[in-house]
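Novice: If you scroll down you'll find the structure; I have some questions about it.
All of the numbers you see were taken from the coordinates with simple rules; none came from a lab. Everything numeric in this text was worked out from a predicted model, so none of it was measured. Because the Cβ atoms are built from the backbone with ideal geometry, glycine has one as well, and the counts that use them run over all protein chains shown.
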């Protein structure tokens with residue numbers, strides 16, 4: 001329980017001291033090194049001997065209380081006024097502390113040593129490990145700027161520094177800073193002081209989270225001019241037909257949300273989260289035992305080494321039609337690539353949307369010819385504007401595959417709405 005409570009406490013510390021942990025833009029007198037690898041800076045009161053606690057005052061942001069079990073060490077910082085020493089520009093290497101890829105300017109503080117470079121910057125001090133310095137350049141002494149004539153200063157563009165980029169399954173990209181969360185919870189993305197985005201993990205593309213420095217430039221606020229006094233002339237009445245159309249659109253939207261809620265409850269109670277066919281989507285024709293045995297025999301023939309057997313079985317299955325699609329899964333995963341190619345040709349030539357899952361799973365097949373046939377099949381059974389090239393690297397193939405899965409799920413959900421609505425109308 002103490003470990004869980006400590007993790008929750010550290011999550012709170014990170015949200016209060018996020019400026020310190022992600023850029024070092026504020027510096028204080030003392031540094032507290034935590035056992036999880038993070039460090040906090042502020043005015044420290046060490047009360048471990050009496051209460052087992054360490055108090056850290058973070059400027060005007062408030063005070064944090066740490067358990068001594070979470071503290072690795074406490075380092076007292078310099079309290080002297082900033083030294084007006086030599087002015088330098090420092091560029092850090094990628095991954096060095098929290099400053100990777102940034103250039104910092106300031107004056108060298110007297111407490112610098114051979115391991116740590118301390119810079120006086122506006123608002124405080126910044127400590128930089130010398131092992132992470134890529135380049136340091138001396139700057140000329142800063143001359144006092146001439147007094148500007150009175151007048152409004154040009155506003156500086158407002159920016160947000162980001163540390164991560166997230167690729168969604170719909171192709172959109174989001175920038176921000178990842179807030180650590182358990183694997184069972186949505187991904188949390190902090191976007192500066194604008195707030196936190198909660199992103200469902202199934203909406204994130206495979207390997208779609210990348211650690212990369214970036215900057216978001218926020219748009220300038222639009223000056224809202226006072227509106228002219230409204231005319232006293234009354235608005236024309238809405239025609240009855242238009243009013244009825246608006247009402248119908250509202251009813252349709254409310255009904256769609258209700259159906260989606262019912263579908264989600266149905267899917268969550270099912271054995272498989274993708275099993276939307278319980279709504280009666282699969283109007284699969286009823287097969288006799290002899291027909292079923294014939295289909296299974298022909299599917300087994302697809303894996304024969306003799307080309308003549310495979311071709312005859314492929315043509316026979318195409319002639320039967322969409323009834324064979326649920327029984328092709330074993331052949332679609334067969335180690336013999338010629339068998340897997342035959343499956344994709346069958347899906348393509350039958351042209352039923354029920355064959356889409358077989359083609360989607362083959363988009364990342366190790367055999368390029370299987371991948372080419374799979375995208376040909378999807379062009380027929382699941383047309384879309386998803387970009388896909390069978391010669392792409394594996395990570396790009398997986399991204400396109402996730403987009404097709406999302407498209408397939410949307411199509412099933414739309415048909416599930418229609419089936420559920422029919423069932424409700426029939427009193428089922």
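Novice: Hey, rough spin-label estimate for residue 379 and residue 238, points 7 angstrom out along Cα→Cβ, what's it come to in nanometres?
Specialist: Between residue 379 and residue 238, the label points sit 4.6 nm apart.
Novice: Please work out whether the range 376-415 counts as rounded, prolate or oblate from its C-alpha gyration tensor, where a ≥ b ≥ c are the square roots of the eigenvalues and a/c under 1.5 means rounded, while otherwise a/b larger than b/c means prolate and anything else oblate?
Specialist: Cα axes put the range 376-415 in the oblate bin.
Novice: How big is the Rg/Rh ratio for the range 159-217, C-alpha atoms only, Rh by Kirkwood, two decimals?
Specialist: My calculation of the ratio gives 0.94.
Novice: Another question, if that's okay. How much length would be gained if the chain were fully extended between residue 336 and residue 361, taking 0.36 nm per residue of separation minus their Cα-Cα distance, in nm to one decimal?
Specialist: 7.4 nm
Novice: What's the FRET efficiency of residue 200 with residue 46 using the Cβ-Cβ distance as r and R₀ = 35 Å, to the nearest 0.05?
Specialist: 0.20
Novice: What FRET efficiency would be calculated for the residue pair residue 345, residue 252, taking the C-beta separation as r and a Förster radius of 45 Å, to the nearest 0.05?
Specialist: For R0 = 45 Å, the calculated efficiency reads 0.65.
Novice: Next question, about the same structure. Rank-order 345-353, 237-245 by packing density, defined as the average count of other C-beta atoms within 10 Å over each peptide's residues, highest first.
Specialist: The packing order, highest mean first, is 345-353, 237-245.
Novice: Let me ask another. Would you please put 412-418, 287-293, 297-303 in order of how densely packed they are, using the mean number of other Cβ atoms within 10 angstrom per residue and starting with the highest?
Specialist: Highest to lowest by the protection proxy: 297-303, 412-418, 287-293.
Novice: If you count, for each residue, the other Cβ atoms within 10 Å and average over each peptide, how do 170-182, 34-46 line up from highest to lowest?
Specialist: 34-46, 170-182
Novice: Further question on the same structure: At 0.36 nm per residue, and after removing the present C-alpha to C-alpha distance, how many nm does the segment from residue 396 to residue 34 gain when stretched out fully?
Specialist: Value of the extension gain: 126.5 nm.
Novice: Another question about this same structure. Assuming 1.306 mPa s and 10 °C, estimate D for the range 327-428 with Stokes-Einstein, Rh taken as the Kirkwood radius over Cα pairs, in µm²/s.
Specialist: 111 µm²/s
Novice: Now for a separate question. State the extension gain, in nm to one decimal, for the chain segment bounded by residue 294 and residue 327, taking 0.36 nm per residue of separation less the distance between their alpha-carbons.
Specialist: 10.8 nm
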